[in-house]
Amino acid sequence: KLSNKDQRVRPGMFARATLNFGSKDNVVVPDLAIVKQSGSGDRYVYVYKDGKVTYNKVELGRRMGAEYELISGVPDNSQVVIAGQTKLVNGMEVEVEKLKERMQDVEITRKASMEFYAGTLEGKNVVVVRSGIGKVNAAVCTQILIDDFDAEVVINTGIAGSLNADINIGDLVISTDLVHHDMNAVAFGYPVGQIPQMETFSFKSDEALRKLAVQACKDVNPDIEVFEGRIASGDQFVADQGVKDEIVKQFDAYAVEMEGAAIGQAAYLNEIPFVILRAISDKADNSAEMDYPTFEKKAAEHCAKLVEEFIVEL
Ligand code: ADE
């Protein structure tokens, strides 16, 4: 209430009042970090922490040029993802992201829908890339590494299903050689797996790389069993005892996955040494579907640690 002593404030007069509501600090992110969910129109931001991304719903505040204020959804000092969000899913292991983070002088090249991170890691020139799933993606990726980045060595890691009762979830298989278990030209008299008109049946990994990989694994993952053996690849997630038995019978392989033979073949055609390192995520039988999400995380961690050490020893 204004006391208005002596009636000095009269009708028709104006006054200026200042109200202090205090101030609040909000997180500000680049607009590239904002993902709009089609359908609902809700906005999300991927936050990276400890090798994983989470998909956080956010409430947008003001736009300031190329940045947005966030009212809620992302903690202070978070690392937010500003590229390649379409390839991420909530809770996904982004172990290659870890490798990328540790790289220096990184230059990103996009080709064939893949992002090639070229830079240095442990003082070595490296290119880190996620090929995507399946043999075609893997072959295209390998050829780009060789053609555009002059790769002298190709190292591939990922997960695989075990084809051997002694090889358990969490163990590692390092390739001796690779076969395409889904190549079939039997009608022309070739054995299953043999690519017609090619001299070789399987694609052999480089011995020196194999030895280095075994050593690196023993150094960083001493509790994990390492096996060296054949890996069979096909454009098929094997989750059936009958299919598994057939692959074991035909190829005597230790593990099954979906890229290795294509990488091996591309490397072989270009005379580039390679090795495939796979952490076992499932048993490639009827239990595969159940085991897969549970152990994928553990498997991915083993591989990332191994590759880092491998690069030190290269
Ligand atoms: N990668 C991991 N597990 C696999 C499986 N069972 N079959 C094919 N690829 C795989």
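The values are calculated or read from the model by the stated rules, or taken from the named source; none is laboratory data. Bear in mind that the values here come from a model prediction, so they are computed numbers and not experimental data. Don't worry about glycine lacking a Cβ; one is built from the backbone with ideal geometry, like all the others, and counts go over all protein chains shown. Heavy atoms of the whole protein, side chains included, go into the accessibility calculation; ligands, DNA and RNA do not. Shrake-Rupley method; radii C 1.70, N 1.55, O 1.52, S 1.80 Å.
General observations
- Evaluation of PHE203 against (1) open to solvent by less than 20 Å² (accessible area, probe 1.4 Å); (2) within 16 Å of the ligand (Cβ to nearest atom) (one fails), failing number: (2)
- Qualifying residues in the stretch 239-257 (those that are assigned to a loop (DSSP other than H, G, I, E, B) and surrounded by fewer than 24 Cβ atoms within 10 Å (Cβ to Cβ)) - the one farthest from the ligand (Cβ to nearest atom): ASP252
- Some residue of the stretch 184-193 being farther than 18 Å from ILE272 by Cβ, without any contact (Cβ under 8 Å) to a residue 40 or more places away in the chain and open to solvent by less than 20 Å² (accessible area, probe 1.4 Å): yes
- For ARG278, the criteria (1) crowded, with 24+ Cβ neighbours inside 10 Å; (2) modelled with pLDDT of 95 or more hold in every case but one, which is (2).
- Unmet requirement for ALA284, which otherwise passes all of (1) modelled with pLDDT of 95 or more; (2) open to solvent by less than 20 Å² (accessible area, probe 1.4 Å); (3) in contact with a Leu (Cβ under 7 Å, 6 or more places away or on another chain): (1)
- Screening the candidates ASN137, ASN168, ASN156, ASN164 for the property of being at pLDDT 95 or above and within 27 Å of LYS218 (Cα to Cα) yields one hit, ASN164.
- Which listed residue, of ARG110, ARG62, ARG16, is at pLDDT 80 or above, in a loop (DSSP other than H, G, I, E, B) and open to solvent by 60 Å² or more (accessible area, probe 1.4 Å): ARG16
- Candidates ILE169, ILE224, ILE195 - the one that is of a type outside the set (D, E, K, R) and within 16 Å of the ligand (Cβ to nearest atom): ILE169
- Selection within the stretch 136-166: residues that are open to solvent by less than 30 Å² (accessible area, probe 1.4 Å) and within 15 Å of the ligand (Cβ to nearest atom). The member of this set that is nearest to LYS249 (Cα to Cα) is LEU163.
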